[in-house]
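One structure is given here, and the rest of the page talks about it.
The values are calculated or read from the model by the stated rules, or taken from the named source; none is laboratory data. Treat the numbers as computed from the prediction; the structure is a model and nothing was measured. Here the Cβ positions follow ideal geometry from the backbone for every residue, glycine too, while neighbour counts run over all protein chains shown. Areas reflect the complete protein model, heavy atoms only, side chains present, ligands, DNA and RNA absent. Shrake-Rupley method; radii C 1.70, N 1.55, O 1.52, S 1.80 Å.
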Amino acid sequence: MINQKTRYFVITTLFIAIVFLQIFVPWLGLLPLGAFIVGASVTIIQFTVAIASIILGPKYGAIVGCWWGLLSFANAITHPGTIGSLMFQNPLTAIIPRVLVGLIIGYLFNKLLRNQSTAIRTVGLGVLGTTAALINTVGVVLLTTLGFTIMHTNFTGVPTHNILAWLISIVSFNALFEMIAGFILVSIIGSVLLPIAERANIIG
């Protein structure tokens, strides 16, 4: 039992380290193809959290997601001056959607895909990748709307009315490409890592 807990701890720490690098090392947390070709800055950190939750289960996935949120909050506090940093200076916006990615994706995989065939799991993993992008985007948009409205945020570029519609207009383009990227990345990476983890008796 102690050995198994140690395995989960080590793998969870590894995923947290990956998230740390993706946040603080340029381009590791973004998909360059989107930035260069279509002008979209596609965040891929949610897919690291999704894969962690698929492999380790919702509890450990939520821990990885929480660390992503805490690191996003710290990064926003220490690098102010943009609308993006302003959004994530609210700890609820920074943390809650990321925890939900870990919880929901891990739960859905265990409930719906854990015992399915390889073909079904591969497609299902892609759907979960898309879902992870959706959870993060919707959570951030809704909590940012709530935070900006309650705090009556006065910042250059932030409207005083119809904040929800404004946020949807600026994130919807990126969100589409993030959902596509999530389907591809999570299905491919998950299909490779899951059998390895299961052979090591890491079964969420």
Quiz item: So how tilted is helix 118-150 from the main axis of the chain? Cα-based, degrees 0 to 90, rounded to 10.
Solution: 30 degrees
Quiz prompt | Nearest-ten-degree value, helix 163-199 long axis tilted from longest Cα axis of the chain | solution = 10 degrees
Self-check item: Ranked by how many other beta carbons lie within 10 Å on average, peptides 124-132, 186-194 from highest
Solution: 124-132, 186-194
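Where does the charge balance sit around Leu103 when Lys and Arg score +1, Asp and Glu -1, over other residues with C-beta under 15 Å from its C-beta? Walk me through the numbers on the way to the answer.
On the way: positive: Lys59, Arg98, Lys111; negative: none.
Net charge around Leu103: +3.
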Quiz prompt | Computed [θ] at 222 nm, deg cm²/dmol, the chain (DSSP H ≥ 4; -39,500 (n - 2.57); rounded to nearest 500) | solution = -26000 deg cm²/dmol
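Please state the relative contact order of the chain as a whole percent: Cα pairs under 8 Å, 6+ residues apart? Mind showing how you got there, number by number?
Values: 298 pairs, mean separation 49.4, N = 204.
So the answer I get is 24 percent.
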Quiz item: Counting pairs of alpha carbon atoms under 8 Å apart in space and at least six apart in sequence, what relative contact order in percent does segment 89-148 give?
Solution: 57 percent
Quiz item: With axes computed from alpha carbons, what is the tilt in degrees of helix 58-78 against the longest principal axis of the chain, rounded to the nearest 10 within 0 to 90?
Solution: 30 degrees
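Using a 1.4 Å probe on the protein heavy atoms, what percent of the accessible area of the chain belongs to carbon and sulfur?
Carbon with sulfur: 75 percent of the solvent-accessible area.
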Quiz item: Ordering Leu100, Leu146, Leu71 by how much accessible area each has at a 1.4 Å probe, largest first, what is the list?
Solution: Leu146, Leu100, Leu71
